[in-house]
Amino acid sequence: MKQKKIVVSISQALMVAMAGVSAPAMSVQLEEVIVTAQKRAESLQDVPISVAAMTGDKISDAGMRNLGDAIKQVPNVTIVGSEIGDSVNIRGIQSGNQAGFEQSVATFVDGVYRGRGVQSRFSFLDVERLEVLRGPQGVLFGKNVVAGALSITSAKPTDELTGAGKVSYNVDLDETEFTGYLSGALSDSVTARIAVLDRTMNEGWVENIRYGNDEPETDEQAARIYLVWDASDTTSVSYKLEHGTWDNQGTSWELQNAGSLAALGLEDSYNGKSAIGTNPLDPDPNQELGSSQLFDGDTTETSLTLNHSFADDGELTAIASYSKYTSDRMVDADISTLDTLNFNDEEDFEQKTFEIRYASNQEGAVEYIIGAFYLDADLVAEGNTPLGVSALNDLAGLSCAAGGGTTVAYDPNTDDPAVAAALAAATNAGLGTSAATASACSQATLAGPITALGVDGFNRYVKLDQNTESWATFGQLTWHMSETLRSTFGLRYTSEEKTASHSSVVSDYGLTNKAPSSDPLAGALAGLFGEYVPHSFDDLKRKETSWTWSANLQWDFSSMGMAYASASTGFKAGGFNSFYLSLAPDPSEIGFDEEEVLTFEIGAKLSLLDGAGEMNIAMYRSEYSDMQVSVFSGQTTYNVDNAAEAVTQGIEIDSRWQLTDELLLTASVGWIDFEFENFDNQGCTNAQYLAYREEAWAGGTNPAAAFLSNGDCAQAGVNDLSGRVAAQTPEFTGSVSLAYETSITDAWTLGLGMDVSYRDESYRQDDLDENSLDDASTQLNASVRLASMDGWTFMLNGNNLTDEESFTLSQDIPLASGSHFAQTIRPRTFTLSVKYEI
């Protein structure tokens, strides 16, 4: 209740402050914001949904490079950016990067569905408007919007010749960016627009002390062609082609806690340095298995849109699209100089969609939208994990000796490994060692003799080949019950079928080996250290159907405001665990079911101060069932299941105030109260796992406890998250921004901007390990802009001016007990820009 009072007090203070300004002083008016949150152009103040909107001009002037930069100003929304793509969290709900997952927050660019993280890489190219729709949008937008949707509108071709080119240089990161567009008429009926992007960063903010370079380094290019043909007064056809490529190296991952890696002399906290790379004691240029992170790929999307207006002012819209991408990524997953673990993944994705809808005119007592949607997508996701057992044996041997333990004799050609491991555990139990020491000695017992025979490790290769076919019909009807009261009801039916094959093999140790190994010792290592035996499952199928609905009542209580109440449902499709591995493979374990949500929301949208100010308030409660979760095994794999139920509720306040003709104030605040109602089998934190295993070890009286895994700890319910919050979910978020623009001479205008964003503390790892708790942070950005009447603009942007230290991701390091890494944010940087417009 205390938190609710705080948020209510904030909103009351904002309203009192606005109301305290005398009416005669308010001759200025806010510019109206138009959104398409309900598939038709409407004023933001008329839409009964919690929506935050941002114009392309604001995005450009503030130097926002991607969604992550923009979302900082939107309450109750968090983005976890990675080298793969953006994972969006709205109201505490998000999806991980596991390739089998659909996203909880879908992105739509000009009405085209982009459901995977990689597809969002260039969504900020030449943007006209960004809309963040909070809460499930299961009727008009469809599946995989259980938490919300991002709707991005590209800048459209113009009749008159216009264009701009902008060159930016970040002096701290040696980052150069060029963006530009050219737009105009090709004929009396055809207009066109070309937009381009080229971004190169040569000096990241993390020093890789292994290779002597600063990471991450980026090299990205994108281009778009947009054509519009006005076939008649009532019909227009739009065609869009977009292509992008990237070839990036390194990440901002730093060692957060050294844990067992401290034996290598690595520091125990992140300090702007990284030791990611090949073991300098045993470099192998032919393998380079520990090399810095690499990520490259390309993406292409094309779409054709038809808009036709009828005599009754109804409008027909049809959108056909084709998109594809390929991506290759190499990750030094041990986050150190060891050659224990590397992860290489490849994705090849193709998608075809078609949507057709009819929107009636808005003049009668009843208005409606009806439509249909079809999607066909093919995904091939490959994961190749070289495990360096030789290096792992060295680490296990050091841990064994440091704990006062010992190995036992083992001949891999004749002895049973299970018997040898059990004997090693019993021997160390007799010596009075800990369970951790006994486990390390058992690993060294088995790995040492195998690696002595020249088998340095093995590759674990996994492949998911999946087709998704989905179709839906939908409709939404609004009844104007009176001049001030209207109700809306929407319904959508979705049918989806996934067919797939899934396989895993053991390959010879090497950077990219995928062929099955003929060496039986490689297979033995896979069972001992890879947690699996090979499998091949064809004809995997799952089919699901779903009805989603929404209903709301909207009341215009005066000419200056409206209130609404709504209820809605949504679902996120089920699928297959792309990285499924098991010692007892079972095809029934690969699939997971859909996730569902029921949300209630009440809100108000107010116009204040004779149109100079506005405030939008929303209160919500969402109940999620069968939540899809990914549980870390504690070694090198993830298990996926429908294991959780949760409730998230909160408040969102967005406001704008045109203080003068020259000064605009924007402020927002959000509060989230998230709680898992049932989630008793989350993977254990490292500390929990070690304590669980040590307790079962019982001072050595139970030698079998040396082989307990984190999965056993999870199934025992040690890390029961029932009643706790989700990762990436700060309780409070907020932002305040000021934009000032004035003429300083007849030829020049001055623009000043400042924004402050606040994020409460939050966990950055799903198991809520205390090591992953990121402190509350406040970031300050500012900009200065000089623009001339002849088209020249000069800008200086300062980001994170207080040099706030924070991180967006924290994870356990596989196979290294007690070790964690963090993904740190950009430090304070300054960017100079020059722009010319025609």
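Which of the residues that make up the range 400-411 are out of contact with any Gly (no Cβ under 8 Å at 6 or more places or on another chain), crowded, with 21+ Cβ neighbours inside 10 Å and touching a residue at least 40 places away in the same chain (Cβ under 8 Å)?
Across the range 400-411, the qualifying residue is only Cys400.
Return the residues of the range 467-519 that are hydrophobic (A, V, I, L, M, F, W, C) and assigned to a strand (DSSP E or B); say none if nothing qualifies. Break it down into steps so the answer makes sense when it comes.
Our first condition is that a residue be hydrophobic (A, V, I, L, M, F, W, C); within the range 467-519, this holds for 471-472, 474, 477, 479, 481, 485, 489, 491, 500, 505-506, 511, 515.
Trp471, Ala472, Phe474, Leu477, Trp479, Leu485, Phe489, Leu491, Ala500, Val505, Val506, listed by residue number.
Considering the range 44-86 alone, what residues qualify as being under 21 Å from Asp126 (Cβ atoms), modelled with pLDDT of 80 or more, in a helix (DSSP H, G or I) and not hydrophobic (A, V, I, L, M, F, W, C)?
Gly56, Asp57, Lys58, Ser60, Asp61, Asp69
Report, by residue number, each residue of the range 173-187 that is closer than 22 Å to Glu217 by Cβ, surrounded by fewer than 16 Cβ atoms within 10 Å (Cβ to Cβ) and not β-branched (Val, Ile, Thr). Even if it seems obvious, please write down each step before you answer.
Within the range 173-187, the subset closer than 22 Å to Glu217 by Cβ is 173-179.
When the remaining residues are screened for being surrounded by fewer than 16 Cβ atoms within 10 Å (Cβ to Cβ), the result is 174, 176, 178.
Of everything in the range 173-187, those that are closer than 22 Å to Glu217 by Cβ, surrounded by fewer than 16 Cβ atoms within 10 Å (Cβ to Cβ) and not β-branched (Val, Ile, Thr) turn out to be Asp174, Phe178.
Residues that are of a type in the set (Ser, Thr, Tyr), touching an Asp or Glu at 6+ places or on another chain (Cβ under 6 Å) and within 26 Å of Phe676 (Cα to Cα): list the strands (runs of 3 or more DSSP E) wholly contained in the range 725-838 that include at least 1 such residues.
On the way: elements: 732-743, 748-759, 777-788, 792-799, 807-812, 820-824, 829-837.
Strands (runs of 3 or more DSSP E) meeting the threshold: 777-788.
Would you check if Gly405 is part of a loop (DSSP other than H, G, I, E, B) and at pLDDT 95 or above? Let's see the steps before the verdict.
Details: part of a loop (DSSP other than H, G, I, E, B): yes; at pLDDT 95 or above: yes.
Yes.
Filter the range 647-693 for residues that are over 26 Å from the mean Cα position of the chain (by Cα) and β-branched (Val, Ile, Thr) and give the result.
Of all residues in the range 647-693, those over 26 Å from the mean Cα position of the chain (by Cα) come to 655-665, 687-693.
Residue satisfying the conditions is Thr660 alone.
Consider only pairs whose beta carbons are under 7 Å apart and that are at least six residues apart or on different chains; among these, list those whose first residue lies in the range 234-256 and is on the phi < 0 side of the Ramachandran plot and in contact (Cβ under 8 Å) with a residue 12 or more places away in the chain and whose second residue is part of a loop (DSSP other than H, G, I, E, B) and aliphatic (A, V, I, L, M).
If the second residue must be part of a loop (DSSP other than H, G, I, E, B) and aliphatic (A, V, I, L, M), the pairs left are Val237/Ala231; Trp253/Ile276; Trp253/Ile335; Leu255/Leu266; Leu255/Ala275; Leu255/Ile335.
Being surrounded by fewer than 20 Cβ atoms within 10 Å (Cβ to Cβ) and at pLDDT below 95 is the filter here; which residues of the range 344-359 pass it?
Glu346
In a strand (DSSP E or B) and either of a type in the set (A, V, I, L, M, F, W, C) or buried (at least 23 other Cβ atoms within 10 Å of the Cβ) (or both), is that true of Ser168?
Values: in a strand (DSSP E or B): yes; either of a type in the set (A, V, I, L, M, F, W, C) or buried (at least 23 other Cβ atoms within 10 Å of the Cβ) (or both): no.
Criteria not met by Ser168.
Can you find a residue in the range 182-189 that is without any contact (Cβ under 8 Å) to a residue 24 or more places away in the chain and out of contact with any strand residue (DSSP E or B) (no Cβ under 8 Å at 6 or more places or on another chain)?
Yes: one or more hits.
Would you please list the contacts, defined by Cβ atoms under 7 Å and residues six or more apart or on different chains, that run from a residue in the range 698-722 that is farther than 27 Å from Leu431 by Cβ and in contact (Cβ under 8 Å) with a residue 40 or more places away in the chain to a residue that is assigned to a loop (DSSP other than H, G, I, E, B) and of a type in the set (A, V, I, L, M, F, W, C)?
Final answer for the pair search is Ala714/Cys684; Asn719/Cys684; Leu721/Phe679; Leu721/Leu768; Ser722/Phe679.
Just for the range 538-558: of the residues that are touching a residue at least 40 places away in the same chain (Cβ under 8 Å) and more than 30 Å from the chain's Cα centre (by Cα), which one is farthest from Ile49 (Cα to Cα)?
Per the criteria, the residue is Asp539.
Which one of Ala436, Ala522 is assigned to a helix (DSSP H, G or I), modelled with pLDDT under 95 and under 15 Å from Gly388 (Cβ atoms)? Reasoning before the result, please.
Numbers: Ala436 fails: under 15 Å from Gly388 (Cβ atoms).
When all the criteria are applied, what remains is Ala522.
In the range 803-811, is there at least one residue being over 21 Å from the mean Cα position of the chain (by Cα) and within 23 Å of Met754 (Cα to Cα)? Working first, answer last.
Taking the range 803-811 first, the residues over 21 Å from the mean Cα position of the chain (by Cα) are 803-804.
Right, trim to within 23 Å of Met754 (Cα to Cα) and you get 803-804.
Yes, because at least one residue in the range 803-811 is over 21 Å from the mean Cα position of the chain (by Cα) and within 23 Å of Met754 (Cα to Cα).
Examine the range 458-466 for a residue that is surrounded by 21 or more Cβ atoms within 10 Å (Cβ to Cβ), hydrophobic (A, V, I, L, M, F, W, C) and outside any strand (DSSP E or B), and state whether such a residue exists.
no
Can you name the condition, by its number, that Leu375 falls short on among (1) modelled with pLDDT of 95 or more; (2) not in a strand (DSSP E or B)?
(2)
Conditions tested, residue by residue: (1) surrounded by fewer than 23 Cβ atoms within 10 Å (Cβ to Cβ); (2) in contact with a Leu (Cβ under 9 Å, 6 or more places away or on another chain); (3) aliphatic (A, V, I, L, M); (4) within 30 Å of Leu750 (Cα to Cα).
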site: Ser582; (1), (2), (3), (4): yes, no, no, no
site: Glu589; (1), (2), (3), (4): yes, no, no, no
site: Lys605; (1), (2), (3), (4): no, yes, no, no
site: Asp610; (1), (2), (3), (4): yes, no, no, yes
site: Glu623; (1), (2), (3), (4): yes, yes, no, no
site: Ser630; (1), (2), (3), (4): yes, no, no, no
site: Ala643; (1), (2), (3), (4): yes, no, yes, no
site: Glu652; (1), (2), (3), (4): no, no, no, no
site: Arg656; (1), (2), (3), (4): yes, yes, no, yes
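Conditions (1) under 20 Å from Gly297 (Cα atoms); (2) modelled with pLDDT of 95 or more; (3) surrounded by fewer than 24 Cβ atoms within 10 Å (Cβ to Cβ), marked per residue:
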site	(1), (2), (3)
Gly100	yes, no, no
Ala106	no, no, no
Gly111	no, no, yes
Ser123	yes, no, yes
Asp126	no, no, no
Val132	no, no, no
Gly135	no, no, no
Gly138	no, no, no
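Just checking, how many residues over the range 675-690 are assigned to a strand (DSSP E or B) and crowded, with 21+ Cβ neighbours inside 10 Å? Step through it out loud before you land on a result.
As a first pass, look at the range 675-690 and keep what is assigned to a strand (DSSP E or B): 675-678.
With crowded, with 21+ Cβ neighbours inside 10 Å added as a condition, the list becomes 676.
Of the residues in that region, 1 qualify.
On the basis of being of a type in the set (S, T, N, Q), touching a residue at least 40 places away in the same chain (Cβ under 8 Å), surrounded by 17 or more Cβ atoms within 10 Å (Cβ to Cβ) and not in a loop (DSSP other than H, G, I, E, B), does Thr427 make the cut?
On the way: of a type in the set (S, T, N, Q): yes; touching a residue at least 40 places away in the same chain (Cβ under 8 Å): no; surrounded by 17 or more Cβ atoms within 10 Å (Cβ to Cβ): yes; not in a loop (DSSP other than H, G, I, E, B): yes.
No, not satisfied.
Condition check ((1) at pLDDT 85 or above; (2) surrounded by fewer than 17 Cβ atoms within 10 Å (Cβ to Cβ)) across all residues:
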site	(1), (2)
Ser303	yes, no
Asp313	yes, yes
Ala320	yes, yes
Ala333	no, no
Ser336	no, no
Leu341	no, no
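For residues that are surrounded by 17 or more Cβ atoms within 10 Å (Cβ to Cβ), modelled with pLDDT under 90 and part of a loop (DSSP other than H, G, I, E, B), tally how many sit in the range 16-36.
Within the range 16-36, residues that are surrounded by 17 or more Cβ atoms within 10 Å (Cβ to Cβ), modelled with pLDDT under 90 and part of a loop (DSSP other than H, G, I, E, B) number 2.
It is to be established whether one or more residues within the range 409-419 are within 27 Å of Phe579 (Cα to Cα) and not acidic (Asp, Glu).
Of all residues in the range 409-419, those within 27 Å of Phe579 (Cα to Cα) come to 417-418.
Those left that are additionally not acidic (Asp, Glu): 417-418.
Scanning the range 409-419 turns up at least one residue that is within 27 Å of Phe579 (Cα to Cα) and not acidic (Asp, Glu).
Search the range 188-217 for residues being among the β-branched types (Val, Ile, Thr) and either more than 22 Å from the chain's Cα centre (by Cα) or surrounded by fewer than 18 Cβ atoms within 10 Å (Cβ to Cβ) (or both), and hand back the single one that is modelled with the lowest pLDDT.
Ile209
The values are calculated or read from the model by the stated rules, or taken from the named source; none is laboratory data. Bear in mind the structure is a predicted one, so any value in this text is a computation, not a measurement. Cβ atoms come from the backbone with ideal geometry, glycine included; neighbour counts cover every protein chain shown.
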